[in-house]
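To start, the structure itself, in structure tokens.
The values are calculated or read from the model by the stated rules, or taken from the named source; none is laboratory data. Because the structure is a prediction, the values reported are computed rather than measured. Every residue, glycine as well, gets a Cβ built from its backbone with ideal geometry; the counts of neighbours run over all protein chains shown. The accessibility values were calculated without ligands, DNA or RNA, using every heavy atom of the protein model including side chains. Shrake-Rupley method; radii C 1.70, N 1.55, O 1.52, S 1.80 Å.
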Amino acid sequence: MTTETQQQDGAEVGTGKDTLTVTDNRTGRQYEIPIEDETIRATELRKIKVHEDDFGLMTYDPAYMATASCRSAITFIDGENGVLEYRGYPIEQLAEKSSYLEVAYLLVHGELPSQQELDEWTHEITIHTFVHENIKSFMQGFRYDAHPMGMLLASVGALSTFYPEAALIKDAEVRYIQVIRLLAKMPTLAAFSFRHNQGKPYVYPDNDLSYAGNFLSMIYKMTELKYEPDPRLEHALDVLFILHADHEQNCSTSAVRSVGSSQVDPYSAVAAGVAALYGPLHGGANEAVLRMLRRIETKDNVPDFIRGVKEGKERLMGFGHRVYKNYDPRAKIIKKAVDETFEVTGTNPLLDIALELERIALEDDYFVERKLYPNVDFYSGLIYEALGMPMEMFPVLFAIGRTSGWIAQWLEMIDDKDQKIARPRQIYTGERGLEYVPMSQRSG
Ligand code: CMC
């Protein structure tokens, strides 16, 4: 079964077949592997063997650099051209014209809602914002200075014990109510975590307010009878939630899918997503950006800092992306939102340092050659800080927005007949068949 390429006038001409022909030089055998969507199924390689009882060939791809783990119709990214679309709609249009809850509906249901559908969706989420009082009690048991992301991680996981029926993941109706609960309660858990860390009393949800407005109320309300959020800040936060809502198979979404593939309840799967997002290379990067900006101190220190980055002493946080090899479209929108936010809150001198870093980096060969551009985290921390959020809250805010994406991806996975429990293979590099050595005979 050979499929050969021919040379005509020096140019290679294919056969036009959507297959890949592989020659195993160990045996001289050839294999024809189907190509679908510019992808081959790794399991096809298992047919490539030296002996009949061999396991077959595997691929080695530690960070999933060239491995698609699923088919998905939720988010499209063209990293080379800086394009991001949710369910086909460009992120720029959604950020400008939509609201977070409408985007959450779009991600979960696959289509934009009618007015009635949006009203019902909003109503359902709004009436589920309260959490069981026992959740509040157990959150109060955390240390006074507990990181709010750690508290969020634990408390969202704990929701599974309050809704044990959530384990029935094959039941669409049961699934749906957990979707509503997750979207509704995430801001409440996040705000309780914040208030705990601040040593302030927890504030209950205000269901007269919008999704973002209620969150601001739970964060900032003190003695006033009713908290009234500044509509411009409410809008800025809502846009940030939209921008963070989904980003295809990133680390935390893969964690949700991977853990969810064991058929555990969605709260536990989402807790895995929160855990992944906690890391400084993922949701923690915006915190790292602010720390970096503070450390640089003044615009004049930027060239020195850049020199250190180029010498490999450290990374320019908020720059670079596994997928984007162009300006992250979310960073562009956030950069604009920074200006709007600062009109309300007053400017932050760190912005000048950030702008100078970006200016110098975008002209520098080191960054140009490696296609390193600002990512979503480069400017988002500045807005969060302007909103009065301490750095520890940055990944928490990211998690609130990303919840809709995690849920949409989890739902998609449940219905995907191709999916099984995630279970990568390994290349074993250790010893084999050693004889147990009694303690008295061990050296050292
Ligand atoms: N500063 C300096 N050099 C960098 C940076 C950076 N921020 N990012 C990548 N590089 C260099 C890296 O040293 C390597 O150079 P070389 O080829 O000489 O070894 C080259 O660029 C390729 O980098 P990589 O680490 O192989 O790329 P990756 O796809 O594994 O990493 C990344 C992607 C986002 C982890 C990385 O760019 C990074 O650490 N950025 C800083 C952290 C950050 O901003 N993270 C937020 C990501 S966006 C939010 C999200 O989606 O979670």
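When ARG432, ARG87, ARG41, ARG195 are compared by accessible area at a 1.4 angstrom probe, the order from most to least is ARG432, ARG41, ARG87, ARG195.
Counting only lysines at least 8 places from LYS226 when in the same chain, those with an alpha carbon closer than 26 Å to its own are LYS136, LYS185, LYS200. Take region 277-387, drop everything but the C-alpha atoms, weight them equally and run the Debye formula without solvent; then report log10 I(q)/I(0) at 0.12, 0.21, 0.23 Å⁻¹ to two decimals. One equal scatterer on each Cα of region 277-387 leads to -0.37, -1.21, -1.44.
Taken along the Cα-to-beta-carbon direction at a fixed 7 Å, the label points for LYS417 and VAL264 span 2.9 nm. Between LYS336 and LEU168, the simple spin-label model (points 7 angstrom out along Cα→Cβ) gives 4.6 nm. Peptide packing: for 229-239, 376-386, 122-132, the average count of neighbouring Cβ atoms within 10 Å per residue gives the ranking 376-386, 229-239, 122-132, highest mean first.
Note on THR15/LYS310: beta-carbon distance plugged into 1/(1 + (r/R0)^6) with R0 of 51 Å gives a FRET efficiency of 0.65. Counting only alpha carbon atoms, the long axis of helix 115-126 and the longest principal axis of the chain meet at about 80°. A probe of 1.4 angstrom, applied to the heavy atoms of all protein chains, finds SER440 with accessible area near 110 square angstrom.
All other residues whose Cβ lies under 15 angstrom from that of TYR278 are scored, Lys and Arg at +1 and Asp and Glu at -1, for a net of -2. Among residues other than PRO62 with Cβ under 14 Å from its Cβ, the summed charge is +1 (Lys and Arg +1, Asp and Glu -1). Heavy-atom accessible surface of CYS251, to the nearest 10 Å², is about 80 Å², with a 1.4 Å probe and all protein chains retained.
For the chain, a Gaussian network of Cα nodes joined below 10 Å ranks TYR327, TYR105, TYR144 by mean-square fluctuation, and the top entry is TYR144. Straight-distance candidates among the lysines for linking to LYS97, with alpha-carbon spacing under 21 Å and chain neighbours fewer than 8 residues away dropped: LYS332, LYS335, LYS336.
Contact order, relative form, for region 285-385: 47 percent (alpha carbon pairs under 8 Å, 6 or more residues apart, mean separation divided by residue count).
Highest GNM mean-square fluctuation among SER262, SER155, SER193, for the chain modelled with Cα contacts below 10 Å: SER262.
Only protein atoms count toward the accessible area here, which uses a 1.4 Å probe; on region 285-385, the carbon and sulfur part of that area reaches 46 percent. Our helix-only sum for the chain, with -39,500 (n - 2.57) per DSSP H run of n ≥ 4 divided by its residues, gives a mean residue ellipticity at 222 nm of -15000 deg cm²/dmol. Helix 148-162 and the long axis of the chain differ in direction by around 80°, with both axes built from C-alpha atoms. A 1.4 Å probe over all protein chains sorts ASP328, ASP206 by accessible area into ASP206, ASP328, starting with the largest.
Whole number in Å², please: accessible area per residue of the chain, 1.4 Å probe, ligands, DNA and RNA not counted.
Spelled out: the 1.4 Å probe surface of the chain, per residue, equals 52 Å².
Annotation for ARG359 and THR39: the two label points, set 7 Å from Cα along the Cα-Cβ direction, are 4.4 nm apart. Charges were assigned to the Cβ only: +1 to each Lys and Arg, -1 to each Asp and Glu. The resulting dipole of region 285-385 about its Cα centre is roughly 420 debye. In plain terms, the C-alpha convex hull of the chain casts an average shadow of 30.7 nm² when viewed from every direction.
How about region 393-435: which GluC sites (Glu not before Pro) there are in a DSSP loop, with at most 12 other Cβ atoms within 10 Å of their Cβ? Here the sparse-neighbourhood loop sites are GLU431, GLU435. For region 186-308, taking the reciprocal of the average inverse distance between every pair of different Cα atoms yields a Kirkwood hydrodynamic radius of 17.2 Å.
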